[in-house]
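To start, the structure itself, in structure tokens.
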Amino acid sequence: MSIVLYWHPMSSATPIAYALAELGIPHERVKIDIRAGEQHTPQFRALNPNGKVPTLTVNGAPLFEALAIHLWLGHTYGVARGLWPQPGTPQALQALSWSTWAYVSYCALLPRLEVSDGSEPATPDTERAQVLDSLSTLLAVLDGHLQAAPWMLGQDYSLVDLVVSAVIGYSAHLGAPVAAHPRVQAWLERVQARPAMQIDA
């Protein structure tokens with residue numbers, strides 16, 4: 001199977017690069033210079049009409065949206081490698097639930113934390129405080145989940161840990177109160193210490 005990752009360093013494509021490394025999947029990487037606007041070329045938009053990274057091609061067929069790529073990698077490669085639960089199991093339902101929770105419920109709040117580049121007004125302090133409070137509520141849910149076991153699906157690391165940690169780690173960079181939730185902070189540090197997370201991505 002021929003897999004190509006279209007990416008940019010230190011972008012939302014980085015967790016996909018980590019997942020490919022974790023799974024040990026041979027692939028080609030094509031850098032899309034998003035600062036130079038290469039994501040808006042007709043050639044790239046033919047692969048991803050949103051003009052964003054990450055984008056994956058599988059035998060030439062495009063796949064976009066980070067969550068969709070993660071789920072495809074989990075189902076296609078992760079099961080055989082013991083990094084994604086077997087279909088039809090309770091753990092498989094949890095994998096879908098927590099991955100979606102991270103990219104939908106939690107991630108939806110993050111644009112309101114991003115710092116203005118000066119061209120637009122920054123998020124007002126009162127609104128930012130409300131967003132931080134909402135994030136803290138969600139982090140408490142995750143902290144409670146991690147009370148039962150060290151990893152998202154139990155006693156063993158899985159790609160679900162990578163998927164969820166990608167969003168949580170980025171939110172910490174934006175100022176989300178991750179460190180105020182000790183189990184989440186400790187879990188995040190364990191995920192980020194894995195060898196696959198040390199590649200140049």
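Computed quantities for the displayed model
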read-out	value
Dimensions in Å of the range 29-105 - Rg and Dmax from alpha carbons	15.0, 45
Added length on full extension, which subtracts the Cα-Cα distance from 0.36 nm per residue, residue 199 to residue 68	44.9 nm
Relative packing of 71-78, 136-143, 87-94, which averages over residues the other C-beta atoms within 10 Å, highest first	71-78, 136-143, 87-94
Of all accessible heavy-atom area on the range 1-85, the percent that carbon and sulfur account for (1.4 Å)	56 percent
Rounded accessible area of residue 52 (nearest 10 Å², 1.4 Å probe)	130 Å²
Probe 1.4 Å, accessible area per residue of the range 116-201, Å²	50 Å²
Efficiency of FRET between residue 140 and residue 192 - r from beta-carbon atoms, R0 22 angstrom, step 0.05	0.55
Three-way shape label, the range 105-201, alpha-carbon gyration tensor, a/c 1.5	oblate
The range 1-137 - convex hull of the alpha-carbon atoms, volume per residue in Å³	130 Å³
Segment residue 93-residue 170, length gained on full extension (0.36 nm per residue, minus Cα span)	25.2 nm
Leading residue at positive end of dipole, the range 47-201 (Cβ point charges), from 130, 153, 181	153
Under the span-like rule (Cα at least 18 Å along the axis, Kyte-Doolittle mean at least 0.5), DSSP H helices of the chain	159-174
Listed residues 184, 53, 79, most fluctuating in the chain (Gaussian network, C-alpha, under 10 Å)	79
Other-chain or far-sequence residues with amide H under 5 Å of residue 30's (modelled H)	5, 6, 7
For the chain, calculated [θ]222 nm from helices alone, where every DSSP H run of n ≥ 4 adds -39500 (n - 2.57)	-12500 deg cm²/dmol
Whole-number percent relative contact order across the range 43-176, with pairs defined as alpha carbons under 8 Å at least 6 apart	23 percent
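The values are calculated or read from the model by the stated rules, or taken from the named source; none is laboratory data. All of these numbers come straight from a predicted model, not from anything done at the bench. Methodologically, a virtual Cβ is constructed for each residue, glycine included, from the backbone with ideal geometry; neighbour enumeration extends over all protein chains shown. Protein only, heavy atoms only, side chains kept; ligands, DNA and RNA dropped before computing areas. Shrake-Rupley method; radii C 1.70, N 1.55, O 1.52, S 1.80 Å.
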